[in-house]
Amino acid sequence: MKNSKRIRTTVLAGTAVVGMLGMSACAAKTDTSGGGGESVTLAQPSWVGAQANVAVAAKLLEDEMGYDVEVKQLDEPAAFDALHSGNVDALLEDWGGVPKKEKLYVEEKKTVVNGGDLGVEGHIGWFVPKYYADKHPEVKNWKGLKKLWQDFKTSESGGKGQFLGAAPSYTTHDKELINSLDLNFKIVPTGSEAAELKEIKRLYDAKKPFVGYWWQPQWMNAEIEMVEVELPPYEDGCLEAKPIKCGYDTLMLQKYFNADFEKDGGEAAQFLKNFAWETEDQNKVAQMIAGEGMDQEDAAAEWIKSNKSTWEQWIPKK
C-alpha cells in the first residue's frame, strides 16, 4: 500500500507535557488493531539521530502500511511518562538516561515494555579535536586534561577552562565528574544539539582547543576528527555512588513501547519491533537533515529509496 500522507508533528515543551499527560492519562488514543486507517504515535527526542529513526519509521508506516502517524517531540523523561500514560505508543531510541522511570514503569507498574535493540550502539564521552591532541597527547587522559586547563580558557569560562556542555535534557553527569576529579573547568551550556554543533564547527574551523560533551553515533564525526579523553572507567553502579567518579557506559540503544500497544498494536507494533538499522544508516539520514538542511520526511524518503532490501524485512508478512 502506498500513500503520500504528511506526518503530523506535535511540538511540546517538556514541563508542559507532564501536566498535560497527567490530565489525559486515561484517554484512549490509538486504535492499532490491524492495518489501514489506524494511528500510531511516536515520541521523538530532540537529537538528530532520534529524528532520523522516527522519520524513516513514520514514512514507512504511512506510505507502505497505511497508518496515520503522529510525532510528539519529547525527550526521554517526558517520553517515558507518555509511554506509561498511553499518550505515545513508542520511543525508538533510549540511552538509559532515566533509570528511575525505567524501573518504575517497566519493572514495577509494567505499563512500559522493552521493544528490543535499535541496532545502534551509543557512547557518550569527553572529546577534543585531533589537531590539539596531536600537539598535546597527554590530553587523551583526564589527568593530562587537568594540567592543560589554561589552554581552554575563554571569555565565558570565568578564569577556568571552558567545557562545552550538553543540552539540558541530555543524559549527563559532567558537573559531578568535574568536581570529583578536581578539574579546573566550568561548564558553558550550549543549549541544544544544533547550538553545540555550530560552536564546535566554529572552533574546529579556527583550529582552537576545546573540550566538551560529545557522543557516537553522530553524523558530524564524518566531517571532523575528534579524540576521546579517557575518563575513569564506567562500572555497574558507579553512577549511584557519591561523588560520581566514572565516565560513561557504551550501550546498545533500546526501543520502548506502551505495554498495551505492544500487546494489541497489530502490524504497527510488529513493524516497530522489527525496526533495527546500522549506525551508518542513521548517520546518513541525520546528515541529510542536519548537514544538508533537508526536510525530515524528504531525507527519510531518500534513504528508503536506496535501501528497500533492508526495510522490507521490517514489514510483517501478510
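What the table below lists for this structure:
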| quantity | calculated |
| --- | --- |
| Probe 1.4 Å - accessible area at H173, Å² to nearest ten | 10 |
| Estimated distance in nm for a label pair at S192 and A222, the labels positioned 7 Å out from Cα along Cα-to-Cβ | 2.3 |
| Phi-based couplings in Hz for region 186-201 (Karplus 6.51, -1.76, 1.60; Gly and Pro marked x) | 10, 6, 9, x, 9, x, 6, 4, 4, 5, 5, 4, 5, 5, 4, 5 |
| Inter-centroid distance (Cα atoms) of region 253-278 relative to region 88-113, Å | 13 |
| Helix 14-23 axis, angle to the chain major axis (alpha carbon atoms, nearest 10°) | 30 |
| Solvent-accessible surface ranking, highest first, for E102, E62 at 1.4 angstrom | E102, E62 |
| Accessible surface, per residue, of the chain when the full set of protein chains is kept, probe 1.4 Å, Å² | 47 |
| Tensor-based shape of region 58-171 (alpha-carbon gyration tensor, a/c under 1.5 rounded, otherwise prolate or oblate) | prolate |
| Carbon plus sulfur fraction of accessible area for region 112-253, probe 1.4 Å, in percent | 49 |
| Gained length - E138 relative to E280, 0.36 nm times residue gap less alpha-carbon distance | 48.1 nm |
| Cβ-placed point charges (K, R +1; D, E -1), dipole of region 38-136 about Cα centre in debye, nearest 20 | 520 |
| Loop-resident sites, region 248-318, for chymotrypsin sites (Phe, Trp or Tyr not before Pro), counting at most 16 other Cβ within 10 Å (DSSP) | none |
| Full-extension gain in nm, K100 to K263, via 0.36 nm per residue minus C-alpha separation | 56.3 nm |
| Placed amide H near D68: partners under 5 Å, 5+ positions off or other chain | G37, E38, S39, V40 |
| In degrees, nearest ten, helix 48-63 long axis to first principal axis of the chain (Cα) | 10 |
| Cα-projected label distance for E108 with S180, points at 7 Å along beta-carbon direction, nm | 2.4 |
| Pairwise FRET efficiency - Q313 versus A241, Cβ, R0 = 35 Å, nearest 0.05 | 0.25 |
| Contour minus Cα-Cα distance for S155 and A206 (0.36 nm per residue) | 16.7 nm |
| Most fluctuating residue given options E235, E302, E93, as computed from a GNM of the chain linking Cα atoms under 10 Å | E235 |
| Candidate aspartates and glutamates for bridging to K242, where Cα separation is under 17 Å - those fewer than 8 sequence places away on the same chain excluded | D174, E176, D182 |
| Accessible area (Å², 1.4 Å probe, nearest 10) - I187 | 60 |
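The values are calculated or read from the model by the stated rules, or taken from the named source; none is laboratory data. Just so we're clear, the structure is a prediction, and the values are computed from it rather than from any experiment. Neighbour counts are summed over all protein chains in view; Cβ atoms, including those assigned to glycine, are modelled from backbone coordinates with ideal geometry. The accessibility values were calculated without ligands, DNA or RNA, using every heavy atom of the protein model including side chains. Shrake-Rupley method; radii C 1.70, N 1.55, O 1.52, S 1.80 Å.
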